[in-house]
């Protein structure tokens with residue numbers, strides 16, 4: 001809708017995970033460095049936490065792009081609760097047959113890991129939204145992590161979650177980083193000028209509490225309003241209007257209400 005009006009190649013603030021538009025702030029660089037370190041050093045468990053919309057899934061997508069094709073990767077984005085269901089989803093994620101009893105599936109999975117190990121192929125299982133796993137499924141993950149040969153891990157586990165003890169917590173962006181994030185996303189799709197004023201960015205930083213997904217929702221809506229108003233620059237008044245409408249209609253559970 002507004003892309004041509006503002007000279008943009010595509011929408012800069014989609015809430016869908018887009019590795020091409022990652023804003024590499026300090027915290028996201030550290031989180032990804034820990035992910036790479038875990039992969040390179042064959043760590044048994046790597047855990048990254050962060051609030052909803054903080055960018056965990058986008059980091060997953062970027063990681064998948066960079067992994068060696070010889071590495072088998074299983075990605076589980078749903079929330080199986082029981083032992084049997086989890087193992088079925090693991091088999092499915094790796095392109096393996098997933099029907100049968102638990103003992104039969106476990107043996108097939110163990111054989112697969114061993115065969116890949118003998119070929120010097122590694123296997124990584126990535127669990128997104130791991131905090132939603134049931135206790136039985138979590139115990140199953142712990143048991144699976146014990147499968148190894150001498151000091152070599154057959155299976156690596158990477159978990160992304162909201163609130164569990166972790167190796168690294170993906171914090172919200174600071175107000176300065178929010179401004180940099182907005183400018184980065186806009187310039188990445190062709191913007192030549194700073195479309196959002198400093199005060200507009202400050203209001204978005206407060207209302208979003210620095211969570212990238214919330215920033216995207218506010219910025220995208222503001223650009224729609226700006227297009228409708230035929231304005232070439234997004235100022236504080238326009239952002240205030242968007243925030244007020246979001247609050248009035250209950251469309252967006254904003255974390256903070258700017259003064």
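The values are calculated or read from the model by the stated rules, or taken from the named source; none is laboratory data. It should be emphasised that the depicted structure is a prediction, and the values quoted were computed from it without experimental measurement. Cβ coordinates were reconstructed from backbone atoms using ideal geometry, including for glycine residues, and neighbour counts include every protein chain displayed.
I'd like to check which helices (runs of 4 or more DSSP H) are fully inside segment 110-210 and have at least 1 residues that are more than 23 Å from residue 24 (Cβ to Cβ) and touching a residue at least 12 places away in the same chain (Cβ under 8 Å). Let's see the steps before the verdict.
Numbers: elements: 135-144, 175-188, 198-208.
In segment 110-210, the matching helices (runs of 4 or more DSSP H) lie at 135-144, 198-208.
Filtering segment 158-170 down to residues that are touching a helix residue (DSSP H, G or I) at 6+ places or on another chain (Cβ under 7 Å) and surrounded by fewer than 19 Cβ atoms within 10 Å (Cβ to Cβ), which residue is modelled with the highest pLDDT? Lay out the reasoning, then the answer.
Step one: list which residues in segment 158-170 are touching a helix residue (DSSP H, G or I) at 6+ places or on another chain (Cβ under 7 Å), which gives 158-164, 167-168, 170.
Remaining after also requiring surrounded by fewer than 19 Cβ atoms within 10 Å (Cβ to Cβ): 162-164, 167-168.
Working: 162: 72, 163: 57, 164: 55, 167: 70, 168: 81.
Out of the qualifying residues, it is 168.
Is one or more of the residues making up segment 80-97 under 25 Å from residue 39 (Cα atoms), outside any helix (DSSP H, G or I) and without any contact (Cβ under 8 Å) to a residue 24 or more places away in the chain? Break it down into steps so the answer makes sense when it comes.
Here is the first cut: in segment 80-97, the residues under 25 Å from residue 39 (Cα atoms) are 80, 86-96.
Those left that are additionally outside any helix (DSSP H, G or I): 80, 94-96.
Filter once more, so that each one left must be without any contact (Cβ under 8 Å) to a residue 24 or more places away in the chain: 95-96.
Checked segment 80-97: at least one residue is under 25 Å from residue 39 (Cα atoms), outside any helix (DSSP H, G or I) and without any contact (Cβ under 8 Å) to a residue 24 or more places away in the chain.
In segment 174-209, which residues are on the phi > 0 side of the Ramachandran plot and either more than 21 Å from the chain's Cα centre (by Cα) or modelled with pLDDT of 95 or more (or both)? Please lay out each step first, then the result.
We begin by selecting, within segment 174-209, every residue on the phi > 0 side of the Ramachandran plot; these are 190, 209.
Correct list: 190 only.
On the basis of being free of Cβ contacts under 8 Å to residues at least 40 places away in the same chain, buried (at least 19 other Cβ atoms within 10 Å of the Cβ) and within 15 Å of the chain's Cα centre (by Cα), does residue 13 make the cut? I'd like the intermediate steps shown before the answer.
Details: free of Cβ contacts under 8 Å to residues at least 40 places away in the same chain: no; buried (at least 19 other Cβ atoms within 10 Å of the Cβ): yes; within 15 Å of the chain's Cα centre (by Cα): yes.
No; evaluated as a whole, the condition is false for this residue.
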Failed condition for residue 217, given (1) closer than 21 Å to residue 22 by Cβ; (2) in contact with a strand residue (DSSP E or B) (Cβ under 6 Å, 6 or more places away or on another chain); (3) at pLDDT below 95, with all others met? (2)
